[in-house]
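Since the structure comes first, as structure tokens, the remarks are kept for the end.
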Amino acid sequence: MLALAAFLCGNASAVVWFVNQETGDDIAAKADLSGNTPFRTIQAAISKATAGDTVKVGPGTYNTTLAEND
């Protein structure tokens, strides 16, 4: 599983967001350590992530253009 660079450092409540294009759901995804509720798209996970969070991307080919959070 590929981990995208953790956003900026220092978030005391940092969480892990998972992405799985086969089993994910961009609406129902939740942050957890198990990966049981992943996003379907990388962009949805990036949009939800805040400073200090980690986005872990499951295997597959993702054809997308990504936008960074402000």
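Every number here is computed from the coordinates shown, using simple stated rules; none is lab data. All figures in this text were calculated on a predicted structure; none of them were measured in a lab.
The figures follow:
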item	result
Segment 30-70: C-alpha gyration tensor shape, a/c 1.5 cut-off, then a/b vs b/c	oblate
Gained length - Glu68 relative to Lys30, 0.36 nm times residue gap less alpha-carbon distance	11.7 nm
